[in-house]
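Structure first, then comments.
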Amino acid sequence: MARSWMKLSGVALVGVVAGMALAPHVLVGAEQPSSPADTFRNLKLFGDVFERVRSEYVEPVSDQKLIESAINGMLTSLDPHSSYLNADQYRDMQVQTKGEFGGLGIEVTMDNGLVKVVSPIDDTPASKAGIQAGDIITQIDNEAVMGLTLNDAVEKMRGPIDSKIQLTLVRQGHDDPINVSLNRAVIKVSPVRAKVEGDVAYLRLTQFTEQSTSNMVDKIEEMKKQLGPNMRGLVLDLRNDPGGLLDQAVSVADTFIDKGEIVSTRGRRPDSIQRFSAKPGDILNGMPMVVLINGGSASASEIVAGALQDHRRAIIMGTQSFGKGSVQTIMPIPGQGAIRLTTARYYTPAGTSIQGKGITPDIEVHEASVSLKDDTGGRHEADLRGALVNTDKPSPDAQKSPSGDTAGNPLDSEDYQLARAIDILRGISMYEGRATGSAAARAQ
């Protein structure tokens, strides 16, 4: 039996394949199967229509094109994430999961017949051109997108490396369409990025590919060594991460969860019900975490955020996530391509399906542009004539923030959500430090 590829992101990665999927399972409330006689009559109907189109359509069409189009129509009529992949698309998808492919660097999905951007990928032509999550693509090279399938739209956005393409976008809050010109490029996805912000470790996952967990663990270990005992916590940034491989979602969550269920998937077949549980060990040993999400966080990202939220392992901050709670299985067809079929819904450890709803953050923080303001109030007690002088010697850290850095956060004007996440981690660390000190004082 051919081995199935299981993925979670049911969106199309432009330049590779019209979608991603992973893990088998559920269609609740499915209709009762037809009788053999009904099935035979319907197949005969298909055969009659096929012959009529083949012989009378205004232009000759190959049998393969008709059959593939019929199969794709059958699958895409089920839900936005099921589709047929021809041999080239299937090959592209396999390359994509390894983290390198050609195209624009945007994840797209179908939304009420329109092609919608789920998220741009960092450092790609799409992100550099300013394409944003939620943008609706209405035209490709001045040709209307309305009426195209997701695969058709993706094919139009593919092309030779360095070739130009123009997209027309509709963006919420903008009255006029936005025209974006960009060049196609080879997209090399670096699924993990990391940096140290003062005494806080910051790690961004851009996608769940085969290298995500191993790269993430390496980066965290590097930052732990760099910060040593001064490390206050970790910010895990899943904003605009459209998902990817199910096994990577499970292993990423498992990196921080010591025990218990991470996610379950449930489908029609009894043997399709699966539960994924954490193995002992937490790379941070319980150190505080904040997870950042937004409307571009989908599928595998939502599994990780949901697991960490239900286990109360991290504070989830940002805005409502995308809400893709279904799982697709890639089923190869020998000698042909493959079908991507929705086979399950997935559930968080608390048994919640986030399909169509998304993950609700514990603390809602919207993107914002912040400018620093002098809030000192002008005059202080020490400015008053005749004020008593404080003769106490200042402590060495009196003029420093809890992290030891100069007070103030240089991120405020760049990334408001990240700045707030760092503030929370430092606040938790300060509170825990004071609580420990108070307990020690009472014990004396």
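Consider I137 carefully, then state whether it is surrounded by 18 or more Cβ atoms within 10 Å (Cβ to Cβ) and at pLDDT below 80. It is false that I137 is surrounded by 18 or more Cβ atoms within 10 Å (Cβ to Cβ) and at pLDDT below 80. For the subset of region 42-70 comprising residues that are assigned to a helix (DSSP H, G or I) and acidic (D, E), which member is nearest to L150 (Cα to Cα)? My answer is E68. In summary, strands (runs of 3 or more DSSP E) completely within region 165-207 and bearing 3 or more residues that are out of contact with any Cys (no Cβ under 9 Å at 6 or more places or on another chain) and within 21 Å of G233 (Cα to Cα) occur at 192-197, 200-205. Do we find that S299 is within 19 Å of T206 (Cβ to Cβ), touching a Ser or Thr at 6+ places or on another chain (Cβ under 9 Å) and at pLDDT 95 or above in this structure? Against the criterion (within 19 Å of T206 (Cβ to Cβ), touching a Ser or Thr at 6+ places or on another chain (Cβ under 9 Å) and at pLDDT 95 or above), S299 does not qualify. Can you name every residue in region 50-77 that is more than 23 Å from L341 (Cβ to Cβ) and either of a type in the set (K, R) or surrounded by 10 or more Cβ atoms within 10 Å (Cβ to Cβ) (or both)? Matches in region 50-77: E51, R52, V53, R54, Y57, V61. Right, G134: touching a residue at least 60 places away in the same chain (Cβ under 8 Å) and either part of a loop (DSSP other than H, G, I, E, B) or more than 21 Å from the chain's Cα centre (by Cα) (or both) or not? Spelling it out, G134 is indeed touching a residue at least 60 places away in the same chain (Cβ under 8 Å) and either part of a loop (DSSP other than H, G, I, E, B) or more than 21 Å from the chain's Cα centre (by Cα) (or both).
For region 243-252, state whether one or more residues are modelled with pLDDT of 95 or more, surrounded by fewer than 24 Cβ atoms within 10 Å (Cβ to Cβ), part of a helix (DSSP H, G or I) and of a type in the set (S, T, N, Q). Yes, because at least one residue in region 243-252 is modelled with pLDDT of 95 or more, surrounded by fewer than 24 Cβ atoms within 10 Å (Cβ to Cβ), part of a helix (DSSP H, G or I) and of a type in the set (S, T, N, Q). Evaluating R275 against the criteria (1) buried (at least 24 other Cβ atoms within 10 Å of the Cβ); (2) more than 17 Å from I220 (Cβ to Cβ) leaves one unmet condition, (1).
The set of residues in region 340-355 that are buried (at least 21 other Cβ atoms within 10 Å of the Cβ), out of contact with any Pro (no Cβ under 6 Å at 6 or more places or on another chain) and either at pLDDT below 95 or among the aromatic types (F, W, Y) (or both) comprises R340, L341, T342, Y346, Y347, I354. Whether any residue in region 89-104 is surrounded by 14 or more Cβ atoms within 10 Å (Cβ to Cβ) and within 23 Å of P177 (Cα to Cα) is what I want to check. The answer is yes; a qualifying residue exists. Looking across V196, V180, V170, one residue alone is under 27 Å from N72 (Cβ atoms) and of a type in the set (V, I, T). It is V170.
Residue count for region 343-365, restricted to those that are outside any loop (DSSP other than H, G, I, E, B) and of a type in the set (S, T, N, Q): 2. Just give me the residues in region 110-121 being out of contact with any strand residue (DSSP E or B) (no Cβ under 7 Å at 6 or more places or on another chain) and assigned to a loop (DSSP other than H, G, I, E, B), in sequence order. Listed by number, the residues that qualify are N112, G113.
Here are the criteria: (1) free of Cβ contacts under 8 Å to residues at least 60 places away in the same chain; (2) part of a helix (DSSP H, G or I). Tell me which single one I220 does not satisfy. Among (1) free of Cβ contacts under 8 Å to residues at least 60 places away in the same chain; (2) part of a helix (DSSP H, G or I), the lone unmet condition for I220 is (1). Taking the stated definitions as given, is A387 aliphatic (A, V, I, L, M), within 30 Å of Y90 (Cα to Cα) and modelled with pLDDT of 55 or more? For A387, the condition - aliphatic (A, V, I, L, M), within 30 Å of Y90 (Cα to Cα) and modelled with pLDDT of 55 or more - is not met. Regarding region 255-270, can at least one residue be identified that is within 17 Å of I354 (Cβ to Cβ), among the β-branched types (V, I, T) and at pLDDT below 95? Yes, region 255-270 contains a residue that is within 17 Å of I354 (Cβ to Cβ), among the β-branched types (V, I, T) and at pLDDT below 95. For region 186-209, give me the residue count where each residue is over 19 Å from I422 (Cβ atoms), over 15 Å from the mean Cα position of the chain (by Cα) and surrounded by fewer than 19 Cβ atoms within 10 Å (Cβ to Cβ). The total comes to 2.
The values are calculated or read from the model by the stated rules, or taken from the named source; none is laboratory data. For clarity, every value in this text was computed on a predicted model and none was experimentally measured. Note that each Cβ is placed from the backbone with ideal geometry, even for glycine, and that neighbours are counted across all protein chains shown.
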